[in-house]
1. Among Ala493, Leu535, Thr513, flag the residue with its Cα farthest along the positive direction of the charge dipole of region 470-561, charges on Cβ as +1 for Lys/Arg and -1 for Asp/Glu.
2. Dipole of the chain, Cα-centred, from +1 at each Lys and Arg C-beta and -1 at each Asp and Glu C-beta, to the nearest 20 debye?
3. So what is the relative contact order of the chain, in percent, for Cα pairs below 8 Å that sit 6 or more residues apart?
4. Can you return the aspartates and glutamates within cross-link range of Lys10? Criterion is Cα-Cα under 17 Å, with same-chain partners fewer than 8 residues away left out.
5. Bin width 20 Å, alpha-carbon pairs only: give the P(r) of the chain as whole percents, running from 0 to the bin holding the largest distance.
6. In angstroms, what radius of gyration and Dmax does region 74-181 have, counting Cα atoms only?
7. Identify, among Pro83, Ala524, Ile346, the residue whose Cα sits farthest towards the positive end of the charge dipole of the chain, taking +1 on the Cβ of Lys and Arg and -1 on the Cβ of Asp and Glu, with the dipole about the Cα centre.
8. Ranking request for peptides 522-532, 350-360: highest mean number of other beta-carbon atoms within 10 Å first, then the rest in descending order.
Amino acid sequence: MTAPSAAVLKELSAHLQDVDKEPNTILDTDLLEECALFTSTPEYRGEIWKETRPLFYQAAALLPKLYQDPSALNHFLTKLAEPYRFEDIKHLDFEIGLDLKAFPFHDLILTLLEKASASGADAQMLANRPDVIAAIVRLWLCTGDVGISTHAEDLLIALLKASKNEPMVVETESPSHTYGTGPMWRRLFSDRDIICLYYHFTSLKSLSSPPVPSHLDTREKTIAQSRLLSWLARVGAMDWNTILSSHGLDVEREVGLVEGQGLLHYAALKMVHTEEDMLMHMTLINFFSVLITTVKTKPYLIPYDSSLSLDFVMSESIHKGIIDFHTSDSPGLEHSFLSSRTAQYISDYASNYPENFANSAELSPIRNYVHRNIRKCEARDLNIIAAMPRSTLVPHRTSGLAWDDCVILDMPITRTNPDALKTLATIFHGPPKVHKMTFPQVETLGTDPKRTQTESVFARLLTALFYSKKPSMFADIVSHLETIAMKDNALAALALVRALITATWSAEPLPDTSIIPANDQTYARLNSDFPKTGLDVILDPSISGAVLPSLLKPATTFSNLVGGHGDAEDAAFQVAMAKFDVLKALGRRLEEEEGGGREDVLAMVRRRVAEGPWGVGGSAGSRIGTLEL
């Protein structure tokens with residue numbers, strides 16, 4: 001087959017003229033495909049594309065006149081325009097293709113408009129066309145196609161990222177602010193006609209100022225509400241003040257905002273009717289979770305562990321309302337629907353703002369609530385426990401730490417579930433290992449050295465405490481990891497063993513000596529009697545019992561059973577692979593400490609790894625278990 005040449009583009013131009021003259025002429029899809037293939041060649045990408053703008057505009061002008069499926073022509077135009085700059089297509093009538101009824105062309109037009117995000121100058125060029133921007137916003141909020149809405153949202157974000165502040169525009173006390181006053185920002189957040197669209201397409205009230213035709217019913221407006229929430233969090237991460245600022249518009253007063261309240265206040269406090277719409281209530285709580293984890297900009301010159309977004313939800317009583325709802329002693333019916341979202345919010349708060357959480361008035365009710373319900377081993381509450389700073393799992397009394405009231409001591413390990421075992425793995429492992437050789441250095445909340453050191457110390461202490469109260473824990477772990485019929489428990493038990501092997505413990509003194517009193521006898525006992533590392537625990541048979549022998553044993557198989565597929569869905573196969581991965585992790589950990597007198601153990605582990613998951617003489621084909629769950 002010969003490669004297509006530039007001649008096919010001339011042939012296509014003639015064909016499109018025929019279609020334009022006679023609408024009943026069928027588009028030649030083979031010719032369009034051949035032309036699309038040509039646009040991928042070096043010949044076209046080198047020079048020829050610069051001469052194809054007349055063909056582009058010819059094809060684009062034909063689109064609204066077609067009475068047949070335009071998919072092939074859309075695809076060709078997308079390929080044809082790939083090398084173009086926005087300058088090359090700026091004269092296109094984008095508004096026609098963005099009309100809600102022009103759904104066959106939405107994806108094409110949005111793809112072409114992405115070219116305006118290539119530079120600030122291109123974004124400014126597009127910002128100077130308010131009708132196009134209004135059409136994008138309308139399509140984003142009103143289309144029934146989720147993919148198109150996402151595409152439009154991503155386009156708006158890309159345009160905002162390209163439209164940076166001009167030098168010296170931002171006040172000197174906020175030198176880190178890059179966004180907020182660029183042309184696209186001014187268009188989207190200072191153009192009154194466009195601002196009104198955010199309210200008219202999402203408010204369940206009938207708004208009159210200014211009159212904007214809205215064909216959306218209640219269901220469609222709630223969809224638009226969720227889209228606005230998704231977008232606001234992304235915008236706020238770039239410039240917080242933009243979504244917070246009021247513009248003094250009549251429509252703002254109509255939706256219930258007062259002076260000083262902006263789009264964020266509307267979305268968070270006024271837009272959603274939580275009493276009537278449970279699904280949107282769930283979406284709103286999820287929005288708050290995304291907000292406090294996405295917008296982590298600290299208040300200017302404020303040393304405490306917070307952010308602009310967290311300060312907002314606290315100042316508006318949203319934060320306390322979510323926590324009070326989740327920890328209520330008498331939960332209502334809605335608690336069963338919303339508790340997974342409220343638990344996720346609390347988890348995000350605890351993990352992203354550990355110092356704030358540890359010093360908050362909400363710590364005690366949250367800890368008491370999860371402690372009361374810990375024996376149920378519900379995933380949502382275990383998620384909170386895993387996110388809490390380890391030092392907060394032990395209550396602080398006036399006399400010192402109440403070690404016996406530690407939350408995790410009531411977590412079952414003999415008769416348990418995978419979520420409980422994974423929670424213990426998270427707590428016992430310690431904080432994620434920080435790699436010092438990183439560039440550029442990025443400061444994130446909750447990663448200061450003192451906090452990391454405290455978490456490392458408490459990870460070891462909590463493991464020691466749990467073992468002292470449940471001395472059969474390692475026997476239970478071995479029982480779980482060898483019970484293939486309970487596959488999920490076996491995999492979770494292996495994750496717990498791996499967490500101990502790779503634990504990031506510290507036996508050094510706490511950086512804050514006020515956390516544990518100097519005369520705390522429980523601390524002294526736990527600190528002196530327990531091994532310094534998780535690896536030491538696993539290698540000490542007086543503590544870990546049969547954990548190491550179990551890891552070294554060839555994987556359990558069920559080759560004597562009939563049936564099964566013998567693939568990755570097989571329970572025995574999955575457990576065998578996970579067990580082998582843990583064994584390799586043990587080998588790597590031993591290699592890191594090579595020369596520490598454990599060469600015999602390292603040699604034994606290396607021999608076992610060399611034998612593969614199934615041991616000497618085993619093979620994946622003959623030894624994969626066939627127990628299907």
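Just so you know, all these numbers are worked out from the coordinates, no wet-lab data involved. Being a predicted model, the structure only gives us computed values, none of them experimental. Using ideal geometry, Cβ is built from the backbone for each residue, glycine included, and neighbour counts are taken over all protein chains shown.
1. Ala493
2. Values: 59 positive and 79 negative charges, 345 e Å.
The calculation lands at about 1660 debye.
3. Details: 795 pairs, mean separation 41.0, N = 629.
Answer for the chain is 7 percent.
4. Within the straight-line cut-off, Lys10 pairs with Asp18, Asp20, Asp28, Asp30, Glu33, Glu34, Glu43, Glu47, Glu51.
5. Once binned at 20 Å, the Cα pair distances of the chain give 16, 35, 34, 15, 1.
6. Final numbers for Rg and Dmax: 15.0, 50 Å.
7. After comparing all options, I get Ala524.
8. Values: 522-532: 15.5, 350-360: 19.9.
Put in order of decreasing packing, that is 350-360, 522-532.
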